[in-house]
């Protein structure tokens, strides 16, 4: 029975063999040297053939034993690849070239790299240099460099620890400490240690991809401040990666693991051991550019959104990828959306993919430790990237107003100014702010400022804050705004008692979206918005004077979760978010049309209507019979207030108000 045939001797060839073995697929592996045989994992499924072959010998093997032929030889072994291709054509076998990853995009920008077409031109350039040379291109072309005595005396060759390699070194005139026999892969730290130990002034390598360790070598040289002399690849190759070969020719998709890693406030020293292990074992890294700076030389993409990451995973099919996420993965983190998106993609694609989440040290925990305060009694809010988000603004002001400590997640200096403006406009200008800048980085600063001074912060960077309010207000659990506190003018206003009863009938819920139709002075809108920063209120009012009063009252009570819409219902409702609740204080004779709009937009919505005139009461009675409603309650309320007349107090009645409450379009 014929089998897949792999011409190996490289990391890629070994990886392909191991994947086929793991999948129970018998195959043949050809390696040129004894060392190439030694590094192969023993397996009854991998028939390893040792020894160099001519094109004719390759042809005979293909014709008699191979059903597919894969060329995983070194990218610089051009003669071998030519022989394999020639034999494939003669044997009528498809030639499948396995590519090594490109590496140039992984080189640090400050590296000094001199490119050469071949070893001969590189040797000529080296002859004009001074100082020791670290040669990492192997032993095959060593004689080209050692032919020049001026180079040979200062040459240190890192070669494979095989008898053949060491013999070639000795034949080239190298001996003793000038022969560094080591098996890779090597880390940047190992390369840097060798450079320093042997006082290397120039490093020679090939453009050998990540598998050949080229990025690590270049990074080490850049750290040491020495140039790199690099032999370019013989030609631009076409072919497939190991994982692409497995998927296309064997239907094998790697069992992929994607690690979502919280990296803490940012500095590499503050990674947990768990996070560090996840990153170090990953084949590919993803993350914002600033997060990848500590991982130059690794295969990395400056992506952090699912729509950007997924196409890379589909192409590369890595065994393990790590997505670097700032702070802690459980707190205002991209992991919240990324994890389900990756799982959904994997399920739809039929790819076996485990998504694992690794927590990190949050910026709040770090800042609290630096400031010497606890945070178990603090509110946690975020205005990171929330400029113009009224809900986020309302949550910040509400939290600071009623809590001694509020931790605020920010982005840049603009967010610091936004925080100061919101607090100052809400009468909270005297609160203290512990401001953290570039936490965990060398330029870290932790200091104290006032809200009124936040606009003076202009330095670009990352910020986190603890807002300290030494005299927080005590929040009541019932409506809190009194009539005399409202700015009224000549605009009608829903009075305090009716307002409170109506809002109770609305049965508000956290996170509600409320229409206040015919808002007037905004007394109902303000009262509702004051219940929770998580409630969004649209105040719909047709009169310009009234809209101005609503805005003034919203500012007076520090309510950022009110949006004023000037217009007439129902037309003014068309483009608004879907409501969960609606209060109708004025309908301008459009009650039926308004309720129809609410029903069409929401399906089910809780409604409260106030009526004073007999005409409006009659309209409510006519309209309700045409709609499906539940939990209907109609109550008329008369309120009298005491006023002084000399030494007496007389009761003065307000107009009686009908309060109709119901769930439109279904049960509540």
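Some observations on this one:
- Residues 516, 377, arranged from fewest to most other Cβ atoms within 10 angstrom of their Cβ, appear as 377, 516.
- Mean Cβ neighbour count within 10 Å, used as a protection proxy, ranking 481-494, 155-168 highest first: 155-168, 481-494
- For the chain, averaging the sequence separation of C-alpha pairs within contact (under 8 Å, six or more residues apart) and dividing by the residue count gives a relative contact order of 7 percent.
- Three-way shape call for region 349-422 based on the alpha-carbon gyration tensor, with the a/c threshold at 1.5: oblate
- The chain: radius of gyration and largest Cα-Cα distance (Dmax), Å: 36.6, 125
- Counting only DSSP beta bridges whose two residues both lie in the chain, roughly 35 percent are antiparallel.
- Computed over region 3-97, the Cα gyration tensor eigenvalues convert (square root of 5λ each) into semi-axes of 19, 15, 11 Å, ordered from largest to smallest.
- The ranking of 497, 73, 578 by Cβ neighbour count inside 10 Å, starting from the fewest, reads 578, 497, 73.
- Residue 578-residue 473 FRET efficiency (beta carbon distance; Förster radius 56 Å; 0.05 resolution): 0.95
- 16 Å tail of the calculated P(r), region 253-358, as % of Cα pairs: 52 percent
- In degrees, nearest ten, helix 496-506 long axis to first principal axis of the chain (Cα): 50 degrees
- Between residue 1 and residue 636, the modelled labels are 9.3 nm apart [label points 7 Å from Cα along Cα→Cβ].
- Computed [θ] at 222 nm, helices only, for the chain once each DSSP H run of length n ≥ 4 contributes -39500 (n - 2.57): -10000 deg cm²/dmol
- Residue order, fewest to most beta carbons within 10 Å, for 298, 293: 293, 298
- Rounded to the nearest 10 degrees, the inclination of helix 614-624 to the longest alpha-carbon principal axis of the chain is 40 degrees.
- Relative contact order (%) - region 541-628, alpha-carbon pairs under 8 angstrom, separation at least six: 24 percent
- The distance between label points at residue 249 and residue 86 comes to 2.1 nm (points 7 Å beyond Cα on the Cα→Cβ vector).
- In the chain, the longest principal axis of the Cα atoms and the axis of helix 214-224 are about 80 degrees apart.
Every number here is computed from the coordinates shown, using simple stated rules; none is lab data. All of these numbers come straight from a predicted model, not from anything done at the bench. Virtual Cβ from ideal backbone geometry, glycine too; neighbours counted across all protein chains shown.
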